[in-house]
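Notes for the one structure printed next.
The values are calculated or read from the model by the stated rules, or taken from the named source; none is laboratory data. Only a predicted model underlies this, so the values are computations on that prediction, with no experimental measurement involved. Cβ placement follows ideal geometry from the backbone for every residue including glycine, while neighbour counts extend to all protein chains displayed. Quick note on the areas: whole protein, heavy atoms, side chains included, nothing else; ligands and nucleic acids left out. Shrake-Rupley method; radii C 1.70, N 1.55, O 1.52, S 1.80 Å.
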Amino acid sequence: RQMCIRDRSYTINLTNNFNFGKGWKGDIFAMYQYFKAESLGYQKPWGMVNLSIRKNFSNDRATLRLTANDILVTQKIAWSETIIGMLNEGSYRGDFTNVMLSFTWRFGGEQKINLRNTDENLKRVGS
């Protein structure tokens, strides 16, 4: 593939959240990147899809989350570059697919913010 100054590159991201009921929620993240021009060549198209599901407990102070990254095993990084007439092409498929289970606990209480425009607040900000 010959690189041209008119080459286009774009990235598409999709993020969506779902409510399954009874405190269960889910997320999906998908990304696709078309040819990306770089200084000496280009990066070939690649993409990925990540999923997660979570449940909140104890008045939303605790969260249990299960996440799976690159579930379709499509995150393969490939490139092509030409330096002084020599062509260098390669690809890398790392260990991007993984599953994680996490537990989060939020310490402390909620903070209430007073947004009323009182004279004291206006003096404090110099208005």
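All conditions but one from (1) within 25 Å of Thr15 (Cβ to Cβ); (2) free of Cβ contacts under 8 Å to residues at least 24 places away in the same chain; (3) open to solvent by less than 40 Å² (accessible area, probe 1.4 Å) apply to Lys55; the one that does not is (2).
Of everything listed in (1) of a type in the set (S, T, N, Q); (2) closer than 25 Å to Gly108 by Cβ; (3) modelled with pLDDT under 95, the single unmet condition for Ser52 is (3). Against the list (1) modelled with pLDDT of 80 or more; (2) not in a strand (DSSP E or B), the condition Phe103 fails is (2). Restricting attention to the stretch 61-97, the residues that are under 23 Å from the mean Cα position of the chain (by Cα) and either within 18 Å of Gly26 (Cβ to Cβ) or outside any strand (DSSP E or B) (or both) add up to 20.
Looking only at the stretch 59-89, filter to residues that are modelled with pLDDT of 80 or more and at positive phi; which one of those is most open to solvent (accessible area, probe 1.4 Å)? The residue in question is Asn59. Filtered by the rule that a residue be surrounded by 10 or more Cβ atoms within 10 Å (Cβ to Cβ) and in contact (Cβ under 8 Å) with a residue 40 or more places away in the chain, the stretch 92-107 gives Phe96, Thr104, Arg106.
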